[in-house]
Amino acid sequence: MDRILVTGAAGQIGSELVPALRERYSADCVVASDIRIVAPAAAQQGPFEQLDCTKPEQIQEILRRYEVRRIFHLAAMLSAAAEEKPQAAWELNMGGLYNVLELARQHRCALFFPSSIGAFGTTTPRDKTPQDTIQRPDTIYGVTKVSGELLCDYYAHRFGLDVRGLRLPGLISHATLPGGGTTDYAVAIFYQAIRYRHYTCFLRPDTSLDMMYMPDAIRAILALMDADAAKLKHRNAFNITAMNFTPDALAAAIRKHLPDFRIDYEIDPMRQAIADSWPRSVDDDAARAEWGWKPYYDIDTMTKDMLEKLGAKLKPVR
Ligand SMILES: NC(=O)c1ccc[n+]([C@@H]2O[C@H](COP(=O)([O-])OP(=O)(O)OC[C@H]3O[C@@H](n4cnc5c(N)ncnc54)[C@H](O)[C@@H]3O)[C@@H](O)[C@H]2O)c1
């Protein structure tokens, strides 16, 4: 069985992708890695390596030792965190990706690279944003994502590297808190709704963005990597979406289960400006046509599941 390396595995996506990969293949063949050392319980579920993706020699050593053939490169700094530290964001998001691409080329590994709706900017058409369109992002996160998409395409056509990717929307999950993105409100709102029946949102009530529930995102990542290469015209940077809502609409969906839930707003100008530069919705027809993408969860089924799963581990604070 070919070995798999997951970078940034302790983050929001990795903490659910690693168990999914281990269930699908076997625990031994999925090497989780992160710059952070994970809790002993998580590390016991399969191999874990402390790995800093800005250090190519560390990546090289792990690829050699485990004879890795497939990499899921998740280590990155997210949009709001990156805007606070643009130089460090460039070093991790671009430097880390370059190291991984170059070593994937040398070791003949297939690679998954997650891009984002943040790869678009204010001059991009904002409704039903097409797969192939203007990409002039204003944030350092977006600059690293669009540059990353281009670098992945370059390695695919210049060196024949099998590198594939998705432009993920905001991800909603109950296992791990998000790592400093603009769509984090859509996770935090559930924690606060269960604990306090109240949430103060940092985006305007009418801010419309694409979102996806984590089980759909994990299915999408696995399906894209399984897809028949001959059918992929794009390979990299596929638009995908599952649902589209505003903070106001999400609060209304929560109120169907918790009628006394209240939301108010204290707008964070930095995160609002980022959200305002992103698409209100994207067109994912290319993903549907080329590898059969189809989401299972919409706002109501996701909300019900989030409240059930988080309700089992959080207590109301009254
Ligand atoms: N979560 C989302 O909503 C979302 C949406 C679109 C795209 N993405 C992309 O998906 C990828 C994973 O996102 P996530 O939400 O899991 O992020 P996250 O912030 O939750 O996790 C990133 C992980 O990378 C680790 N890390 C930081 N510096 C590192 C380094 N130098 N070397 C190795 N690991 C390092 C962190 O410790 C963290 O565990 C990123 O590329 C992100 O841009 C995420």
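The values are calculated or read from the model by the stated rules, or taken from the named source; none is laboratory data. In this text, all values refer to a predicted model and were calculated from it rather than measured experimentally. Virtual Cβ from ideal backbone geometry, glycine too; neighbours counted across all protein chains shown. To get the accessible areas, we keep the full protein, side chains included, count just its heavy atoms, and leave off ligands, DNA and RNA. Shrake-Rupley method; radii C 1.70, N 1.55, O 1.52, S 1.80 Å.
Looking at residue 72, is it within 15 Å of the ligand (Cβ to nearest atom), touching a Cys at 6+ places or on another chain (Cβ under 6 Å), under 30 Å from residue 244 (Cβ atoms) and modelled with pLDDT of 95 or more? Criteria not met by residue 72. Check whether at least one residue in region 300-315 is open to solvent by 60 Å² or more (accessible area, probe 1.4 Å), in contact (Cβ under 8 Å) with a residue 60 or more places away in the chain and more than 23 Å from residue 194 (Cα to Cα), and report yes or no. No, that holds for no residue. How about region 206-259: which of its residues are of a type outside the set (D, E, K, R) and free of Cβ contacts under 8 Å to residues at least 24 places away in the same chain? Listed by number, the residues that qualify are 230, 252, 259.
Determine if region 285-296 includes at least one residue that is aliphatic (A, V, I, L, M), open to solvent by less than 20 Å² (accessible area, probe 1.4 Å) and without any contact (Cβ under 8 Å) to a residue 60 or more places away in the chain. The answer is no; no qualifying residue exists. The residues of region 5-29 that are within 16 Å of the ligand (Cβ to nearest atom) and within 16 Å of residue 67 (Cα to Cα), listed by number, are 5, 6, 7.
Screening region 144-159 for residues that are among the aliphatic types (A, V, I, L, M) and open to solvent by less than 50 Å² (accessible area, probe 1.4 Å) and picking the one that is farthest from residue 235 (Cα to Cα) gives 146. Residues that are in contact with a helix residue (DSSP H, G or I) (Cβ under 6 Å, 6 or more places away or on another chain), of a type in the set (A, V, I, L, M) and more than 12 Å from the ligand (Cβ to nearest atom) within region 30-51 comprise 30, 31, listed in sequence order. Do we have residue 22 as at pLDDT 95 or above and open to solvent by 50 Å² or more (accessible area, probe 1.4 Å) here? It is false that residue 22 is at pLDDT 95 or above and open to solvent by 50 Å² or more (accessible area, probe 1.4 Å). Criterion applied to 223, 188 was being in contact with a Gly (Cβ under 8 Å, 6 or more places away or on another chain) and more than 10 Å from the ligand (Cβ to nearest atom), and the one residue passing it is 223.
Residues satisfying the criterion are present in region 94-107 (criterion: near the ligand (Cβ under 9 Å from one of its atoms) and either over 20 Å from the mean Cα position of the chain (by Cα) or surrounded by fewer than 20 Cβ atoms within 10 Å (Cβ to Cβ) (or both)).
Please tell me if residue 139 is in contact (Cβ under 8 Å) with a residue 12 or more places away in the chain and either more than 10 Å from the ligand (Cβ to nearest atom) or within 18 Å of residue 284 (Cα to Cα) (or both). Yes. Of everything listed in (1) within 16 Å of the ligand (Cβ to nearest atom); (2) not in a helix (DSSP H, G or I), the single unmet condition for residue 134 is (1). When 119, 82 are screened for being within 18 Å of the chain's Cα centre (by Cα), over 24 Å from residue 156 (Cβ atoms) and at pLDDT 95 or above, only 82 passes. Taking region 233-269 as the range and being within 21 Å of the chain's Cα centre (by Cα) and modelled with pLDDT of 95 or more as the test, the residues that pass are 237, 238, 239, 240, 241, 242, 243, 244, 245, 246, 247, 250. Strands (runs of 3 or more DSSP E) wholly in region 171-276 with at least 3 residues that are open to solvent by 10 Å² or more (accessible area, probe 1.4 Å) - which ones? Answer list for region 171-276: 198-201, 262-265.
Which residues, counting only those in region 53-90, are out of contact with any Lys or Arg (no Cβ under 6 Å at 6 or more places or on another chain), assigned to a loop (DSSP other than H, G, I, E, B) and open to solvent by 10 Å² or more (accessible area, probe 1.4 Å)? Across region 53-90, the qualifying residues are 54, 55, 74, 75, 76, 77, 78, 85.
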